[in-house]
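Written below as structure tokens is the structure these notes are about.
The numbers here are math on the coordinates, done by the rules we state, and not lab data. Keep in mind the model is a prediction, meaning the values are calculated, not measured. Neighbour counts are summed over all protein chains in view; Cβ atoms, including those assigned to glycine, are modelled from backbone coordinates with ideal geometry.
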Amino acid sequence: MNPIDQFVQRNRYPCWCGEAAGSLYCSQSFGRRPFAVLRCPSCGTLRILPKALSESADAVELYNTYAAPRLSPEQVERIAARELARFLKVGCDPRPGMRVLDVGCGEGLLLEEVCRDFRCEGRGIDVDQRRIAAARECRTHAQFECGLFEPGAITERFDLVISQAVIEHVVDPVGFLVGLASVLAPGGALYVLTPNGASRTFSILRSWWRDLLSIDEHIYLFTPESLARCAGQAGLEVAASDSGHDLAWPTIALGSPREVLITGWALYRELVKRACALVGGSARGDILFARLVVKPAAQSAVASTPA
């Protein structure tokens with residue numbers, strides 16, 4: 001058995017759908033640490049080995065110890081505008097007075113935009129103490145709290161629930177979506193954004209797609225089809241979805257051989273991403289985003305449940 005096969009055997013775990021088998025999609029056995037990506041033959045979700053978290057509670061320690069990047073004011077403005085455009089593109093329709101919950105809000109960029117521009121009432125939750133501190137310092141149109149999302153402790157119901165770049169981190173994606181759906185008001189919508197396992201860029205770069213693989217953090221990479229299947233198991237359905245690219249030229253640093261190599265690689269990766277963006281395709285962008293709603297049958301069951 002070769003080293004990668006041995007690594008996979010030691011670190012493999014079942015997919016969220018329960019399937020234990022998985023075909024090797026890509027791997028690296030050198031550098032900082034080895035890793036592998038398996039594709040589930042049942043649902044198509046990709047899972048990253050080794051598993052970043054054993055249980056949800058581990059997220060508190062993990063995301064308060066890693067080096068969180070700080071954003072410049074220019075980056076904040078650009079990212080917030082981009083995320084709001086995606087949010088609106090899939091039919092999320094914020095209106096004055098709507099209650100909005102952002103689970104995994106980070107520094108609150110999208111939540112602030114929604115609450116400020118559409119006069120909504122917002123609440124953001126994140127486990128990262130530093131990002132919540134930044135949100136409280138810089139955002140003024142929403143309330144922010146630090147901690148894990150505990151749906152049983154939330155009595156309020158929300159017209160819109162946002163979850164950006166979170167589902168790929170969680171141990172139980174179906175349970176996570178069930179929890180998000182449980183705090184939706186009747187007729188409400190859930191907005192989910194996550195790296196796209198069906199990305200054309202990923203199909204070219206494979207194991208070198210390091211910025212979105214996030215070996216130490218991400219557990220799953222969803223495709224449009226596997227996200228829809230996961231949502232279905234949670235009593236939700238995809239009302240609209242799309243994908244896009246996060247494009248940004250890297251900083252040029254040529255002061256040492258190592259910097260030359262890193263810069264060269266970053267430029268190559270960005271060129272690949274831009275070429276893939278030019279090709280287009282609504283399901284093949286690097287970032288997958290979707291509006292989910294409660295299935296009619298599930299909504300009827302909730303409505304008919306005695307208080």
* Could you work out how far helix 257-279 tilts from the main Cα principal axis of the chain, as a 0 to 90 degree angle to the nearest 10? => 50 degrees
* Asked: Going through region 1-63, which chymotrypsin sites (Phe, Trp or Tyr not before Pro) have at most 15 other Cβ atoms within 10 Å and a DSSP loop state?
  -> PHE30
* Rounded Å value of the spacing that divides the Cα centres of region 119-137 and region 1-38 -> 35 Å
* Distance from the Cα centre of region 183-221 to that of region 272-286, in angstrom? -> 15 Å
* Roughly how big is region 160-245's charge dipole about its Cα centre, with Cβ charges of +1 (Lys, Arg) and -1 (Asp, Glu), in debye to the nearest 20? -> 180 debye
* Run the numbers on the chain and let me know its relative contact order in percent, using alpha-carbon pairs under 8 Å that are six or more apart. => 18 percent
* Structure fact -> Semi-axes (Å, rounded, descending) of the ellipsoid equivalent to the chain per its C-alpha gyration tensor are 31, 24, 19
* Structure fact -> For the chain, whose charge dipole is built from +1 on Lys and Arg Cβ atoms and -1 on Asp and Glu Cβ atoms, the candidate among PRO96, GLY281, ILE167 with its Cα farthest towards the positive end is GLY281
* Asked: How do THR251, THR223 rank when sorted from fewest to most other Cβ atoms within 10 Å of their own Cβ?
  -> THR251, THR223
* Rh (Kirkwood; distinct C-alpha pairs) - region 53-138, Å -> 14.0 Å
* Are there GluC sites (Glu not before Pro) in region 148-244 that DSSP puts in a loop and that have at most 13 other Cβ atoms within 10 Å, and which ones? -> GLU156
